[in-house]
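J.: Following this message is one structure expressed as structure tokens.
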Amino acid sequence: MATTKQRTAAKRNIKKAATAAKKKRTIANLPKSTRTALGKQANKVKRQKARSR
């Protein structure tokens, strides 16, 4: 289990990666772990939005 500090750091990194990717469209060049993390995050949000409708 990740600590709270690790979790917040991971969230921050994902946000940074997302903004950079939006600017430069570098999702393809990101490391695989970051890409899967971004995908998982997006999927989670998608599911939450679907549930609230």
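J.: Which condition number does residue 5 fail, the rest of (1) modelled with pLDDT of 80 or more; (2) within 15 Å of the chain's Cα centre (by Cα) being met?
T.: All conditions are met except number (2).
J.: Can you run down the residue pairs with Cβ atoms below 7 Å, 6 or more apart or on separate chains, where the first is in segment 33-53 and at negative phi and modelled with pLDDT of 85 or more and the partner is surrounded by 10 or more Cβ atoms within 10 Å (Cβ to Cβ) and not hydroxyl-bearing (Ser, Thr, Tyr)?
T.: 41/14
The values are calculated or read from the model by the stated rules, or taken from the named source; none is laboratory data. Quantities reported herein were computed from a predicted structural model and do not represent experimental measurements. Backbone-built Cβ (ideal geometry, glycine too); neighbour counts: all protein chains shown.
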